Each structure stands twice: as C-alpha cells, then as structure tokens.
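The values are calculated or read from the model by the stated rules, or taken from the named source; none is laboratory data. Computed from a predicted structure; not experimentally measured. Here Cβ is always computed from backbone atoms with ideal geometry, including for glycine, and neighbour counts include all displayed protein chains.
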Amino acid sequence: MEEIELIVGNSNRRFSGVTASMLSTLPGIAHRIKLAVLGSHFIPDSIPTLSYREFLSTCRKPLPHGGQRVFHARRNNEMIQALIAKNFFGAKIRIVFTSTAQRNHSWLTRYLIGQM
C-alpha cells in the first residue's frame, strides 16, 4: 500500500458512464503504475481497493521516492473527499479533476476546482 502512486475515486454506487470508462482504463493503467481505487463498487478483484480510512492512512505517509500521490476525481463528492483528506488530515496528495461535462459547471464544482 505504501507504494501506491495513483488513487482513483469511485464513490458512485450506481453503474454510470463514468464508472464504465474508469473500469475500461484501469487494467491498462495498473500495468504501468501502482494504483488503488477508493471504493469497491464494480471493481474487479485484480485491482486493489481502499476504504476511506485506508486512504487517509496511506496518504499521510510520503512515497518511498519522495514524490506525491495523485488522487483522480471525476465527481464533486470525490473532490470533497480528497480536499478533506488534504486539508484536515494532512494527506500528501495532488488532486486531479477530469470533467466531461457538456454543460457549464455549477457554482459548487467551480468552487471545488478552485480549491484544488
């Protein structure tokens, strides 16, 4: 767990297009970089998953080579989870948000992006 470089948010219990695209890209990325998924919904057994407590514990420790972990968020609640971990629990992470929105972002999404 200490060598995990990428943490992918997976907070939606419903199967969505965002979930489908994540599931289709995870195996290819997992061969290139050590990753884990925050949440276990629809995740194959071959991909490691983390509970929020495990995520906090893992991200408080620096990577062995001194770099920072990356948290990839695709939803507002995933950005909120990452910002809480970083600002209140001292997680050493960089937060990346990917959006495929076809409409303008809400004020909340714009605010969260500004906090990252």
**Message:** Filter the range 65-87 down to the residues that are in a loop (DSSP other than H, G, I, E, B) and out of contact with any strand residue (DSSP E or B) (no Cβ under 8 Å at 6 or more places or on another chain) and list them by number.
**Reply:** His65, Gly66, Gly67
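How many residues are among the charged types (D, E, K, R) and surrounded by 17 or more Cβ atoms within 10 Å (Cβ to Cβ) if we restrict to the range 27-81?
4
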**Neighbours by Cβ (under 9 Å, 6+ apart or cross-chain): first from the range 95-116, free of Cβ contacts under 8 Å to residues at least 24 places away in the same chain and surrounded by 10 or more Cβ atoms within 10 Å (Cβ to Cβ); second assigned to a loop (DSSP other than H, G, I, E, B) and not aromatic (Phe, Trp, Tyr)** = His105/Ser99; Arg110/Asn104
**Meets criteria (hydrophobic (A, V, I, L, M, F, W, C), at pLDDT 90 or above, out of contact with any Cys (no Cβ under 6 Å at 6 or more places or on another chain) and farther than 18 Å from Met116 by Cβ) for Ile80** = no
**Complete:** Taking the range 1-26 and keeping only residues that are surrounded by 13 or more Cβ atoms within 10 Å (Cβ to Cβ) and assigned to a helix (DSSP H, G or I), one is left with Val18, Thr19, Ser21, Met22, Leu23, Leu26
**Request:** Kindly establish whether Leu50 is aliphatic (A, V, I, L, M), in contact (Cβ under 8 Å) with a residue 24 or more places away in the chain and within 24 Å of Glu2 (Cβ to Cβ).
**Result:** yes
**Asked** For the range 69-116, what are the residues that are closer than 22 Å to Lys34 by Cβ and either over 13 Å from the mean Cα position of the chain (by Cα) or of a type in the set (D, E, K, R) (or both)?
**Response** Arg69, Arg74, Glu78, Lys86, Phe89, Gly90, Lys92, Arg94
